[in-house]
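One structure is given here, and the rest of the page talks about it.
The values are calculated or read from the model by the stated rules, or taken from the named source; none is laboratory data. In this text the structure is predicted, and so the values were computed from the model without any measurement. Backbone-built Cβ (ideal geometry, glycine too); neighbour counts: all protein chains shown. Ligands, DNA and RNA are stripped out before the accessible areas are found, and what is left, the full protein with its side chains, is counted by its heavy atoms. Shrake-Rupley method; radii C 1.70, N 1.55, O 1.52, S 1.80 Å.
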Amino acid sequence: MSFFDTHLLNLVVFLPLVFAALVLVLPGSEPGQIRTVTFIAMLVDAVFGVWAYLRYVPGGPEFQLEYRVPWFEMFGTSYHIGVDGLAVSLLLLTVFLGPLVVLASTTYISHRIKEFHLALLVLQTTMLGALVSLDVLLFYVFFEAMLIPMYLMVGVWGAEDRQMAAVKFFLYTLAGSLLMLVAIIAVYFISAPAGSRSFDYAALYNGLLDANRQVTACMGGPQGACDSLSGLARTMHTWGPWLFAAFALAFAIKVPMWPVHTWLPDAHVQAPVAGSMILAGVMLKMGTFGFWRFAIPLFPAAAQNARPFLAVLSVIGIVYGALMCLAQRDIKKLIAYSSVSHLGYCMLGILAVTAEGATGSAYQMLNHGVSTGALFLLFGFLYERRHSRLMADFGGIAKVMPVFTAAFLIITFSSVAVPGTNGFIGEFLVLLGTFKSDLGVAAGNPHLTVVFGAFATLGVILGAAYMLWMVQKVFFGGLTHRENQHLRDMNLREGLTVLPFIILVGVMGLMPQPFLDRLAPSTDRFLARARVGTPGAPVQDDQVRVEVMSLPSSITAAAPSAPVPLAAVPSQRQ
Amino acid sequence: MNLPNLVLADFLPLLPAIIMVAGASILLLSEVFLSATSSRAYQAVLTVVTAVAAGAVAVALMFEPPQEVLLGFGVLDPFSSFLTLVVCVGLGLAALSAVSFLRKRGAERGEFYALMLFASAGMSLLAMSNELITVFVNVEVLSIATYALTAYLRRGTRPSEAGFKYFILGAFSSAVLLYGAALLYGATGTTQLTAMVGPLGAAMQSQPGLVYTGVVLVGAGFAFKVAAVPFHMWTPDVYEGAPTPVTALMSAGVKAAAFASMVRVFITVGKGIDPQMLLALFSTLAFLTMVAGNLLAIPQRNVKRMLAYSSIAHAGYLLVGVAALFVTAPGESFRLLGASALTGGTALDVARAEALRGILYYLLAYTFSAVGAFAMVSALERREDEEKGTAWDLERFSGLAQRRPGWAFAMAAFMLSLGGIPPTIGFMSKLLIFQAAVDAGLIGLTIVGVLSSAAGVYYYLRVVVYMFMRPVPEGAQVLERSWSTELALVLSTAAVVVLGIIPGPVMGWLVQASTIFGQ
């Protein structure tokens, strides 16, 4: 690999941070300059991100563009980054949103502009870092660090109740992820004997693999077969469910799954347009990504047992989110609850453990980032003009803002999964995967699969209902409010900000194959790893084991300087 | 009694303390020749230079082999040298933040810095003490200096109230410590820690009650000094009443030295008696201290008082590390292998070595974060408001991000570090402690620690909320800048952020510093 390949991901991840340092020294009195520099930073980063996306070879090794150097050797951790198909796709989504978020905030953010753009750039680095981390501790550092800029973004530039929303968001997420930290340390501890421990994803995964297989085998066996387990397998049998629960809780809060979703409506409603876009577009995916990368592969047996339960929560989330949307009068809250519903599909697709379900889920992650990101963006334009979030304050907007209405409709179609848009492919695949899955068998009755599928389908119908109902109330009918008679339509900048989203809706809806190709290797491996937890599933060693580059020397607990020889201790005085 | 021949080389291991005492003496002597109006700018500079010199010598001494000092009353080992370094860091930063604090109050005097240096010398020597009487003497050296510092500003009632409270309770706790030491001496016939191990085991057979009482009393004495619940009552009042730079030195230096001595004493005791008892003792203390410290900090609107309760909570996390030191397998006798545990020890040997490193790293991390935070508090307070009690109100921080973005960033970094949020040194040190605790099997205690630290983030974040999300209040005070406070802020912020991302040489020092004499 060339030098450029080796450092490409470093460049993508840290370019925003470097530009943040530049923004820091720019004078705060020149907002235009700061916006331009930030926009250029995001744009250049997007170019490198697209480059990385294209450099990823779907048929190649699982993790590509890897880079690894020692880092906090004492903890058994290294700075290890690399991408698989899903990570590189989410990375593409993140760098895609970057410049658009800056454009979207041009007039929305009117005070403390320098700090806002600093927060945006730092946030970008932390999100990209979390996506590319192949060391669990490094992932955790980025995963937590991204809370800080987002917290400031909601708390400083948000709406009326911003402080409450920001603190709620921070503490909710932190409580979950701290428990995950304990689980991470526990996994680190049990996965290898003292002296060779490591936080590296590959080391943890491969270290637990045999034990996971034994646990699965005995759980499929006769009653009491698990009593004869020994060593690590026994530990995994006893503690695996708890460790899985800690991981699952942290990621479920981030997704967010019902019933730990309550921070999301507040955070979304209070956040500025950029915050909402990033939160919906990228940060929620950290939850599903976490399930996909960490929670399920590390504890396949526990995940297998928890699948029906989590699937029930997902289906409740889908239907509950949709019902809450129907009850909303606040547009932004409606979009926020629609995220709860849509992320339910992503989770259901993952939990189905079928090729269609996983592919659909991964695709839906990208779709949701595009469509909900765009919905928040468009609503942000409306909010800037009217400073109201209530549907009742609008009506008949289509007459004064035709272009805006057209754009909103296209995005709405994507969100409600009209065929021809990207949303259709994702939701269709998820539903197909759910109907074909063994969720019912796992839940104890094969017929239950249909129930899961049926409720999920109900969510699609409700989804169309609430979105179209909202569109009708806001855009059509008579112009009942005098204030709305002179609303400006979108200007050029706003149009250019929305355009990439609309193009992507069409491209991803009509030509999904290039995107799906890059997701396919990750999907295959995820399925193989999740099926380690299914008794009797075929063993696919080549798909299951994680292969990564190794450090030049052993990274575990190497003493940087020679310890003092104990012989040098003088004898005790009597 | 034969007097031994001491040569100059015997004093070499004491060099950091000697440097500090010499600096203090120069300050005291030079003060005599100054008139009331003379410039005293050199005093802080001299203190900081002394701290840097002593710290540098401590780093150099860290690579000396462990050895007895002065007939075995003390020892020089990498452990004590690292602690001396921590003390010097705290001293240097606190002295920097004291410059404008004293100038604003017209209270610049050589005694102030001299007392700080004497206290620090006592801390450094306490970390080296290997004999119970020496431990007691050094506890007194550092305590008496800090009593005087607490009541240094004689205006108003608060400093004298704090000083008196600190003195009464401090003297009481010293007495408890001394009483415990006397009982241990009665049971074993020696006060020398290294020599105590064997007789302690024998005494456990003949007079277990005596030994247990002694151990519990010594433990209670140290628990007072580190402000562990339920021996924490003095902390909020004293921390609030003392001059802020002194509070900074107390929270960092006194705590570090007391923890070091506690670890040294109980490692010895642990070899003589059942380590399970020490595990139970420290687990209980850790549990109470973490939970109570964090819960009591939540309602505080006074930032200085909040930091006092937060310092209690942090003592709790440190006690988790101390508890992890005493985890033994059934039937296993207690031992601590230091740096060599990593190559040739059992799983629990590794866990105990990690716990020791965790404690040391945590003390360093806490020093940077807390002293930085107190420096920030001292930069914002005004003397006029002290009597009203509003000098440290959260309102002081309102809109700070608009008025002094650099200060707000620094304070945010300290708060996040104290809360244990990555990427700060506070996260890495908490991780090391909890990692050791999990390795030692203290899962329950770890979960309590993690959850209480999540609760703790609430009150740290509130400061950030006020700084970044509240408007500047009308008629807000003019914020005076001072080069020395800003230097302290820059240094501690840099350490908090950089050491959280790049370990640098500190990791090597830590591995080295987990070597304790006689283990």
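Below are the figures for this structure:
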quantity	calculated
Residue ID - least open to solvent (accessible area, probe 1.4 Å), chosen from residues in the stretch B:421-445 that are touching a residue at least 12 places away in the same chain (Cβ under 8 Å) and over 16 Å from A:Phe75 (Cα atoms)	B:Ile421
Candidate set from the stretch A:141-165 (those that are open to solvent by less than 20 Å² (accessible area, probe 1.4 Å) and within 7 Å of chain B (Cβ to nearest Cβ)); member that is farthest from A:Ala246 (Cα to Cα)	A:Val156
Residue within the stretch B:504-515 that is within 14 Å of chain A (Cβ to nearest Cβ) and open to solvent by 50 Å² or more (accessible area, probe 1.4 Å) present	yes
So B:Tyr239, is it within 18 Å of the chain's Cα centre (by Cα), among the aromatic types (Phe, Trp, Tyr), open to solvent by less than 20 Å² (accessible area, probe 1.4 Å) and under 20 Å from B:Leu364 (Cβ atoms)	no
Criterion violated by B:Phe374 - all others in (1) touching a Leu at 6+ places or on another chain (Cβ under 7 Å); (2) within 14 Å of another protein chain (Cβ to nearest Cβ); (3) among the aromatic types (Phe, Trp, Tyr) satisfied	(2)
Restricting the stretch A:34-67 to residues that are surrounded by fewer than 22 Cβ atoms within 10 Å (Cβ to Cβ) and among the charged types (D, E, K, R), the residue that is nearest to A:Phe3 (Cα to Cα)	A:Glu66
Unique residue being in contact (Cβ under 8 Å) with a residue 24 or more places away in the chain and under 25 Å from B:Pro423 (Cα atoms) when the list is A:Leu93, A:Leu86	A:Leu93
Qualifying residue in the stretch B:446-462 (condition: over 27 Å from B:Leu278 (Cα atoms), at pLDDT 90 or above and either open to solvent by less than 10 Å² (accessible area, probe 1.4 Å) or assigned to a helix (DSSP H, G or I) (or both))	yes
All positions within the stretch B:185-198 that are within 14 Å of chain A (Cβ to nearest Cβ) and assigned to a helix (DSSP H, G or I)	B:Thr188, B:Leu193, B:Thr194, B:Ala195, B:Met196, B:Val197, B:Gly198
Residue within the stretch A:194-203 that is buried (at least 17 other Cβ atoms within 10 Å of the Cβ), part of a helix (DSSP H, G or I) and facing chain B (nearest Cβ under 9 Å) present	no
Test: residue in the stretch A:305-321 that is under 21 Å from A:Trp469 (Cα atoms), of a type in the set (Ser, Thr, Tyr), over 17 Å from the mean Cα position of the chain (by Cα) and surrounded by fewer than 24 Cβ atoms within 10 Å (Cβ to Cβ)	yes
Matching residues, the stretch B:41-93, being of a type in the set (S, T, N, Q) and farther than 19 Å from B:Ala260 by Cα	B:Gln43, B:Thr47, B:Thr50
Check on A:Glu494, crowded, with 18+ Cβ neighbours inside 10 Å and not hydroxyl-bearing (Ser, Thr, Tyr)	yes
Residue selected from the stretch A:238-252 under the condition touching a residue at least 40 places away in the same chain (Cβ under 8 Å) and not hydrophobic (A, V, I, L, M, F, W, C), by the criterion least open to solvent (accessible area, probe 1.4 Å)	A:Gly240
Wholly within the stretch B:280-390, helices (runs of 4 or more DSSP H) carrying at least 3 residues that are charged (D, E, K, R) and buried (at least 24 other Cβ atoms within 10 Å of the Cβ)	B:347-380
Hits in the stretch A:486-534 (condition: closer than 30 Å to A:Ala217 by Cα and outside any helix (DSSP H, G or I))	A:Thr534
Test: A:Val215 is within 14 Å of chain B (Cβ to nearest Cβ), assigned to a helix (DSSP H, G or I) and in contact with a helix residue (DSSP H, G or I) (Cβ under 8 Å, 6 or more places away or on another chain)	no
Among residues of the stretch A:80-92, those that are in a helix (DSSP H, G or I) and open to solvent by less than 10 Å² (accessible area, probe 1.4 Å), counted	7
In the stretch B:463-502, residue farthest from B:Arg103 (Cα to Cα) [restricted to those that are within 11 Å of chain A (Cβ to nearest Cβ) and open to solvent by less than 20 Å² (accessible area, probe 1.4 Å)]	B:Gly500
Extreme residue, most open to solvent (accessible area, probe 1.4 Å), among residues of the stretch A:449-469 that are touching a residue at least 60 places away in the same chain (Cβ under 8 Å) and touching a Leu at 6+ places or on another chain (Cβ under 8 Å)	A:Trp469
Members of the stretch B:450-462 found to be in contact (Cβ under 8 Å) with a residue 24 or more places away in the chain and within 9 Å of another protein chain (Cβ to nearest Cβ), listed by number	B:Ser453, B:Ala455, B:Val457, B:Tyr458, B:Leu461, B:Arg462
Residues (within 20 Å of A:Tyr108 (Cα to Cα) and touching a Ser or Thr at 6+ places or on another chain (Cβ under 7 Å)) located in the stretch A:383-396	A:Glu384
Which listed residue is within 10 Å of chain B (Cβ to nearest Cβ) and either open to solvent by 10 Å² or more (accessible area, probe 1.4 Å) or touching a strand residue (DSSP E or B) at 6+ places or on another chain (Cβ under 6 Å) (or both), from A:Leu137, A:Leu179, A:Leu100	A:Leu179
Answer residue from the stretch B:55-102, given it is aromatic (Phe, Trp, Tyr) and open to solvent by less than 10 Å² (accessible area, probe 1.4 Å) and is farthest from the other protein chains (Cβ to nearest Cβ) among those	B:Phe101
Exclusive hit being within 14 Å of chain A (Cβ to nearest Cβ) and modelled with pLDDT under 90, set B:Ala408, B:Ala401	B:Ala401
Residue among B:Gly214, B:Gly189 that alone is without any contact (Cβ under 8 Å) to a residue 40 or more places away in the chain, open to solvent by less than 20 Å² (accessible area, probe 1.4 Å) and over 21 Å from the mean Cα position of the chain (by Cα)	B:Gly214
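Quick grid of which residues meet (1) of a type outside the set (S, T, N, Q); (2) over 27 Å from A:Leu504 (Cβ atoms):
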{"residue": "A:Phe39", "(1), (2)": "yes, no"}
{"residue": "A:Gly49", "(1), (2)": "yes, no"}
{"residue": "A:Pro58", "(1), (2)": "yes, no"}
{"residue": "A:Tyr67", "(1), (2)": "yes, yes"}
{"residue": "A:Ser78", "(1), (2)": "no, yes"}
{"residue": "A:Ser133", "(1), (2)": "no, no"}
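Every residue, every condition in (1) open to solvent by 10 Å² or more (accessible area, probe 1.4 Å); (2) in contact (Cβ under 8 Å) with a residue 40 or more places away in the chain, yes or no:
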residue	(1), (2)
B:Gly122	no, yes
B:Val135	no, yes
B:Val139	no, yes
B:Ile144	yes, no
B:Gly156	yes, yes
B:Phe167	yes, no
